[in-house]
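**Q** Input: one structure, supplied below.
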């Protein structure tokens with residue numbers, strides 16, 4: 001990375017920081033709006049996902065990484081999703097029992 | 001004997017070894033926290049009435065902590081960028097600010113936990129499932145913050161001597177600890193709404 005590229009990145013870091021601070025306020029604000037449990041969870045997690053994407057793409061430089069890292073993360077994401085949806089499988093099994 | 005590919009990229013992975021190592025470690029961390037998020041979903045969907053975070057937790061304090069962590073993330077990446085620009089003094093400054101925000105996070109967490117224990121009756125992990133998963137997830141996260149502070153502190157102090165002997169390798173070390181630190185920030189970005197707000 002050349003010094004000019006690094007300087008360009010620094011401007012992006014500041015913008016991402018401002019966006020993260022703003023989205024933190026948005027996250028708190030929407031918790032005060034009555035969207036119902038499902039609506040609140042969906043919107044809250046959506047904003048959190050946007051914030052997480054900004055951190056991953058810009059601070060962790062995932063927009064411009066090697067294929068090895070992308071493949072590692074794809075394998076991780078698949079395993080993570082299996083883990084998260086395990087409770088759903090458990091409830092479906094429970095529903096069949098009762 | 002020198003360990004190969006500490007600075008130069010391996011031809012097969014396109015990465016220096018430390019960077020691939022930290023990404024493998026972060027992948028294992030995703031599974032560690034993923035297991036706990038899975039447990040949270042299991043507990044929450046298993047009951048009709050799950051308490052609101054505001055019943056037990058202090059949202060303004062947690063919001064402040066969120067701002068501390070995202071601030072520490074930007075100063076962490078700035079410290080790496082400073083080294084890329086050959087500016088060691090700025091590296092020191094940004095790392096010191098990162099450590100300050102990390103300590104501020106820990107102090108706020110101390111007050112948060114203290115308030116729970118001092119409550120009458122005390123709010124303990126054994127009080128109910130909500131507090132059990134809250135203390136487990138935030139406690140594990142705090143341990144990660146402490147681990148990060150130790151490594152960043154070392155690279156601010158005695159570890160920074162490497163800048164004089166092997167600047168490229170030192171810059172890579174900062175990139176690696178930065179990736180870890182951003183991951184810790186990323187976990188908090190989800191913990192905050194899940195436990196405190198939703």
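The values are calculated or read from the model by the stated rules, or taken from the named source; none is laboratory data. This is a predicted model, so every value here is computed, not measured. Using ideal geometry, Cβ is built from the backbone for each residue, glycine included, and neighbour counts are taken over all protein chains shown.
**Q** Which residues, counting only those in the stretch A:46-80, are without any contact (Cβ under 8 Å) to a residue 24 or more places away in the chain and more than 9 Å from chain B (Cβ to nearest Cβ)?
**A** Once the filter is applied, which keeps residues that are without any contact (Cβ under 8 Å) to a residue 24 or more places away in the chain and more than 9 Å from chain B (Cβ to nearest Cβ), the stretch A:46-80 yields A:46, A:53, A:57, A:62, A:63, A:64, A:70, A:71, A:74, A:78.
**Q** Those residues that are surrounded by fewer than 17 Cβ atoms within 10 Å (Cβ to Cβ) and modelled with pLDDT of 95 or more, I need them from the stretch B:127-140; list them, please.
**A** Pass one, the stretch B:127-140, residues surrounded by fewer than 17 Cβ atoms within 10 Å (Cβ to Cβ): B:127-128, B:132, B:136, B:139-140.
Those that are surrounded by fewer than 17 Cβ atoms within 10 Å (Cβ to Cβ) and modelled with pLDDT of 95 or more: B:132, B:136, B:139, B:140.
**Q** Quick check on the stretch A:1-37: of everything there that is within 25 Å of residue B:47 (Cβ to Cβ) and within 10 Å of another protein chain (Cβ to nearest Cβ), which residue is modelled with the highest pLDDT?
**A** A:27
**Q** Give the residue that is farthest from residue A:10 (Cα to Cα), with candidates limited to residues of the stretch A:36-78 that are more than 15 Å from the chain's Cα centre (by Cα) and surrounded by 15 or more Cβ atoms within 10 Å (Cβ to Cβ).
**A** Only one residue tops the list, namely A:40.
**Q** Of the residues B:143, B:150, B:191, only one is under 30 Å from residue A:40 (Cβ atoms), at pLDDT 95 or above and surrounded by fewer than 20 Cβ atoms within 10 Å (Cβ to Cβ); which? So that I can check it myself, show each step before the final result.
**A** On the way: B:150 fails: under 30 Å from residue A:40 (Cβ atoms); B:191 fails: surrounded by fewer than 20 Cβ atoms within 10 Å (Cβ to Cβ).
Within the list B:143, B:150, B:191, the selection yields B:143.
**Q** Of the residues in the stretch B:55-83, how many are modelled with pLDDT under 95, over 21 Å from residue A:20 (Cα atoms) and within 12 Å of chain A (Cβ to nearest Cβ)?
**A** Qualifying residue count for the region: 1.
**Q** Let me ask something else. Restricting attention to the stretch B:116-131, report how many residues are within 20 Å of residue B:59 (Cβ to Cβ) and without any contact (Cβ under 8 Å) to a residue 12 or more places away in the chain.
**A** 4
**Q** Continuing with this model, one more query. Just the residues that are outside any loop (DSSP other than H, G, I, E, B) and either touching a residue at least 12 places away in the same chain (Cβ under 8 Å) or surrounded by fewer than 16 Cβ atoms within 10 Å (Cβ to Cβ) (or both), please, taken from the stretch B:32-49. Show your work before the answer.
**A** Taking the stretch B:32-49 and keeping what is outside any loop (DSSP other than H, G, I, E, B), we get B:32-45.
Within the stretch B:32-49, B:32, B:33, B:35, B:36, B:37, B:39, B:40, B:43, B:45 meet the criteria.
**Q** Okay, next question. Pick from B:88, B:25: which is within 25 Å of residue A:51 (Cα to Cα) and either buried (at least 19 other Cβ atoms within 10 Å of the Cβ) or out of contact with any strand residue (DSSP E or B) (no Cβ under 9 Å at 6 or more places or on another chain) (or both)?
**A** Only one candidate passes the filter, namely B:25.
So that you can scan it fast, the table gives a plain yes or no per residue for (1) touching a strand residue (DSSP E or B) at 6+ places or on another chain (Cβ under 8 Å); (2) farther than 25 Å from residue B:107 by Cα; (3) in contact (Cβ under 8 Å) with a residue 60 or more places away in the chain; (4) not in a helix (DSSP H, G or I):
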residue	(1), (2), (3), (4)
B:134	no, no, yes, no
B:142	no, no, no, no
B:146	no, no, no, no
B:152	no, no, yes, no
B:161	no, yes, no, no
B:173	no, yes, yes, no
B:184	no, no, yes, no
B:188	no, no, yes, no
B:195	no, no, yes, no
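**Q** Looking only at the stretch B:6-28, count every residue that is outside any helix (DSSP H, G or I), in contact (Cβ under 8 Å) with a residue 24 or more places away in the chain and within 11 Å of chain A (Cβ to nearest Cβ) and tell me the total. First the steps, then the outcome.
**A** First, the residues of the stretch B:6-28 that are outside any helix (DSSP H, G or I): B:6-16.
Restricting the remaining residues to those that are in contact (Cβ under 8 Å) with a residue 24 or more places away in the chain gives B:6-7, B:16.
Of the ones still in play, those that are also within 11 Å of chain A (Cβ to nearest Cβ) are B:16.
The qualifying residues number 1.
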